[in-house]
Amino acid sequence: MTFNAKDLFEGLDSKPASGASSAVAEEGPRSVLRGERLTKEYKKRKVVESVDIKVAQRDIVGLLGPNGAGKTTTFYMLVGLIPPDRGRVFLDDEELTEVPMFKRARLGLGYLAQEPSVFRKLTVAQNIMAILETLPLNRAERVHRLEQLLQDLSIGHLRDAKAYALSGGERRRLEITRALVQHPKFILLDEPFAGIDPIAVNDIQQIVTELKQRGIGVIISDHNVEQTLEIVDRAYIMYEGRIRVSGTVSELVWNDEVAEIYLGPTLTARMRSRYPRPEA
C-alpha cells in the first residue's frame, strides 16, 4: 500500500488527546481501543475474518502470526487506512469505524508503519519539525516541543544528522519520536524490530516499555517473536485471518496449538525453558 503524508499528518492537534500524557502516567481510568468482528476480503478471499482485539492504555499487546496471517490488514482497519467490510472499531464508547485516519489521530491513535516513513534528505530535527509545523503552534512553542522530544527520546546528539545516514535503530527511534508529537493514547507498531541490529532491538524494547510508562497503550506486531514476547503483557496469535489463541506469554508458550501453527518445535522448546508453565 502507498502511504500519503496527508493521511498521516492532516489535522494533527497540538493538544494532548484527552487522557494522554507526555510524562510518566499516573494510575487512573484507562481508555480502551478495540476492534469487534473485523473482517476484510480481497478478491473474495477473507484475509481477516471476525477478529476481536483490544488494548488499554498502559498495556503492551502483541499481534503475532506467520506471514499472510492478516496482522497488517488488522492494523490498517484499526487506524483507518482501510475500512472493514464488516465489524466495528471503538475508542471507549465512541465508534470510529467511519472516522478518517487524521481524525483518529486527533483522538489519540498513532501508527508506525513497517515501511520507512522519515524524510531521508532532512535532518533529524527537521523531520520532527516538519510535523510540528502542521500544528497550530507559534515558532517558540514548536522549538520548545522539538527540544523536549529530542531530550525525551535521547536523540539530541543526532539532531543535525541526515535521516539517510541513520542506522536502522536510530531511524526507528526517530519514527517513534515523530509519532509522539501528538501525545497519543495508543500507538500501533508494525514490525518495529525489522532491519535493525541486536543492540538496537534492545534499545527499541526499552522505548516501547517507556511508552507504557507514559500511559500509552501499544499494539506491536513483529516477526522477532522472542523479542516481542519479552515486552508484551499478553498477545494474540493470528493464523489464516483469524485469532486462534490469546493469552499471557506463558499461556501462549505452553499452548500446543501455538507450537504447531506458529512457534515450531525448536522455538517452543527454547521458550518453554524460559517461561514457567501456567497454573491450571
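The values are calculated or read from the model by the stated rules, or taken from the named source; none is laboratory data. Remember, predicted model here, so these are calculated numbers, not experimental data. Virtual Cβ from ideal backbone geometry, glycine too; neighbours counted across all protein chains shown.
What to note about this one:
- From the list R172, R159, the one residue that fits, being in the same structural domain as G215 (by TED's automatic domain parsing), surrounded by 21 or more Cβ atoms within 10 Å (Cβ to Cβ) and at negative phi, is R172.
- Applying a threshold of 6 Å to beta carbon distances and a minimum spacing of six or more residues, or different chains, the list of pairs starting in the stretch 238-267 at a residue that is farther than 17 Å from D222 by Cβ and surrounded by fewer than 15 Cβ atoms within 10 Å (Cβ to Cβ) and ending at one that is at pLDDT 95 or above and hydrophobic (A, V, I, L, M, F, W, C) reads E257/V245.
- Just one of the numbered conditions (1) of a type in the set (A, V, I, L, M, F, W, C); (2) within 24 Å of A69 (Cβ to Cβ); (3) crowded, with 21+ Cβ neighbours inside 10 Å is not true of V124: (2).
- Residue in the stretch 193-207 that is touching a strand residue (DSSP E or B) at 6+ places or on another chain (Cβ under 8 Å) and surrounded by 18 or more Cβ atoms within 10 Å (Cβ to Cβ) present: no
- Filter result for R142 (over 23 Å from A194 (Cα atoms), over 21 Å from the mean Cα position of the chain (by Cα), modelled with pLDDT under 95 and surrounded by 14 or more Cβ atoms within 10 Å (Cβ to Cβ)): yes
- The condition of being more than 17 Å from S50 (Cβ to Cβ), crowded, with 16+ Cβ neighbours inside 10 Å and either modelled with pLDDT under 95 or in the same structural domain as N224 (by TED's automatic domain parsing) (or both) holds for only one of L91, L78, that being L91.
- Within the stretch 173-197, residues that are within 15 Å of G80 (Cβ to Cβ) and acidic (D, E) have Cβ atoms under 8 Å from residues that are at pLDDT 90 or above and part of a helix (DSSP H, G or I) in these pairs: D190/K71; D190/T72; D190/F75, counting only partners at least 6 apart in sequence or on another chain.
- Candidate set: the stretch 194-223, residues that are closer than 28 Å to S31 by Cα, assigned to a loop (DSSP other than H, G, I, E, B) and not hydrophobic (A, V, I, L, M, F, W, C); chosen: the one modelled with the highest pLDDT: G215
- Among the residues of the stretch 43-75, the ones that are touching a residue at least 40 places away in the same chain (Cβ under 8 Å) and either over 20 Å from N224 (Cα atoms) or assigned by TED's automatic domain parsing to the domain that holds E257 (or both) come to 12 in all.
- Of everything in the stretch 99-113 that is in contact with a Phe, Trp or Tyr (Cβ under 9 Å, 6 or more places away or on another chain) and part of a loop (DSSP other than H, G, I, E, B), the residue that is modelled with the highest pLDDT is G108.
- Residue satisfying all of: in the stretch 47-69; among the charged types (D, E, K, R) and in a strand (DSSP E or B); surrounded by the fewest Cβ atoms within 10 Å (Cβ to Cβ) among these: D52
- Qualifying position, being over 22 Å from the mean Cα position of the chain (by Cα) and hydrophobic (A, V, I, L, M, F, W, C), among I237, I261, I243: I261
- Those residues of the stretch 230-280 which are more than 23 Å from T72 (Cβ to Cβ), hydrophobic (A, V, I, L, M, F, W, C) and in a helix (DSSP H, G or I), in sequence order: V253, A259, A269, M271
- Meets criteria (among the β-branched types (V, I, T), farther than 22 Å from F102 by Cβ, in a helix (DSSP H, G or I) and in the same structural domain as Q227 (by TED's automatic domain parsing)) for I128: no
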